[in-house]
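Take a look at the structure set out below.
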Amino acid sequence: MAAAIAEVFPNATHRGCRWHIMENARNRLGAFVDSKEGLDVDFNDCVDNSFTIEEFEYKWQVMLEKHDINDDERFIHLYGMRDRWIPAFFMDKFFPFLQTTARSEGFNAVLKRYVNPQNSILNFVQQYKKIQKRIFSRQLEHEATTSIKVPYYLTGYPMEKQMKEAYTRKLFNVFHDELQLSSSYYIVRIGEAEIDVVPYGCCREKLYGTRTFGVKANKADGLYSCVCSKFQRDGVLCCHILRARLVPAEVGVA
C-alpha cells in the first residue's frame, strides 16, 4: 500500500493510523516499558509534545540515552518509520482534526449497515443512494443550524462576525475555544517580526501545556505563522496567533 501510494500520489503525505501504532507499541512494549521507571512518560512526551522534527529528534535521543535503550530493536523499528506516525513530521499538513483512520472506519461501518456481499449490483446502487441521501440530509441540517442559530460573541472584534460567516457552527465553536484560550497567554516581542507567546501558568488545552510558542508576524501582508501549525493542519487560527494579532506587546523587546 505504501509503495502504491508513493507511485500514484507522489506529492501526498502518507501517514499511518496513530491509534493502531500506539496500540501495537503498548502490546509489544508494555511489560518492558513498565520495567523502566519513567520511560512511558518520556515516550509519550516524544510523541505528543514535539512540535518540530528537531524537537522530536532531540527528545528521542535523550530518551534512548537516559533509559539505555539505544540498541533495542523495537525502538529502532519505531524510529525507522517515524515520518509515518510522529505528528511532528506532518504538523503543517492539512489533516483537519484527524490522527487515526476513524473516519474511513466509520464510513465502513455505515456501508455494512446498508449493503453486504450478497447484494446484487442493482440493490447495491439503491442502497448507496440511501447512504447519499442520509449524508446530504445531515449536511443540510448543519447548514440550517449555521444559518438559523445566532451565536454569542466573546469580544467586540469584527473578526468574530467574519468567522461566523466563514465557518459552519461546529467549526465556529472550535474557533471560539481557541479565542478563549488566547487569554491564557501574554506576549513578548523579541524582534520586528518574531513574537513569543507565553502562558501565564498552564494553558487549559492539554496539547499546549506550559510551553512558549513562537509566532512569526508579517503585519504588512497580514501573514502569521505559529510553531504549533494549527492553521495549516486544521484550518482554524490557533490561540497563539490570535493573541499576537489582537493584543499589543505587553513586555518590551527582549
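The values are calculated or read from the model by the stated rules, or taken from the named source; none is laboratory data. Predicted model only: the values in this text are computed from it and were never measured. No Cβ is skipped: glycine too gets one built from the backbone with ideal geometry, and neighbour counts run over all protein chains shown. Heads up: the accessible areas ignore ligands, DNA and RNA and are worked out on the full protein's heavy atoms, side chains in. Shrake-Rupley method; radii C 1.70, N 1.55, O 1.52, S 1.80 Å.
See the values below:
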{"quantity": "Residue that is farthest from the chain's Cα centre (by Cα), among those in the range 4-24 that are of a type in the set (A, V, I, L, M, F, W, C) and open to solvent by less than 80 Å² (accessible area, probe 1.4 Å)", "calculated": "Ala4"}
{"quantity": "Failed condition for Arg169, given (1) surrounded by 15 or more Cβ atoms within 10 Å (Cβ to Cβ); (2) among the basic types (Lys, Arg); (3) closer than 27 Å to Ser50 by Cα", "calculated": "(3)"}
{"quantity": "Verdict on Val62 being loosely packed, with under 15 Cβ neighbours inside 10 Å and modelled with pLDDT of 90 or more", "calculated": "yes"}
{"quantity": "Pairs where the first residue, in the range 35-55, is touching a residue at least 24 places away in the same chain (Cβ under 8 Å) and farther than 15 Å from Gly209 by Cβ and the second is open to solvent by 40 Å² or more (accessible area, probe 1.4 Å) and in a loop (DSSP other than H, G, I, E, B), C-beta under 7 Å, 6+ apart", "calculated": "Thr52/Val227"}
{"quantity": "Only listed residue being over 24 Å from the mean Cα position of the chain (by Cα), of a type in the set (S, T, N, Q) and open to solvent by 40 Å² or more (accessible area, probe 1.4 Å), chosen from Asn27, Asn49", "calculated": "Asn27"}
{"quantity": "Some residue of the range 173-192 being under 14 Å from Arg243 (Cβ atoms), among the β-branched types (Val, Ile, Thr) and surrounded by 11 or more Cβ atoms within 10 Å (Cβ to Cβ)", "calculated": "yes"}
{"quantity": "Qualifying position, being in contact with an Asp or Glu (Cβ under 6 Å, 6 or more places away or on another chain) and open to solvent by less than 20 Å² (accessible area, probe 1.4 Å), among Cys203, Cys239, Cys226", "calculated": "Cys239"}
{"quantity": "Test result for Phe32, over 30 Å from Gly235 (Cα atoms), assigned to a helix (DSSP H, G or I) and in contact (Cβ under 8 Å) with a residue 12 or more places away in the chain", "calculated": "yes"}
{"quantity": "Odd one out for Glu37 among (1) part of a helix (DSSP H, G or I); (2) loosely packed, with under 15 Cβ neighbours inside 10 Å", "calculated": "(1)"}
{"quantity": "Tabulated pairs, the range 139-160, first more than 14 Å from Phe172 (Cα to Cα), second open to solvent by less than 80 Å² (accessible area, probe 1.4 Å), C-beta under 7 angstrom, 6+ apart or interchain", "calculated": "Tyr157/Leu246"}
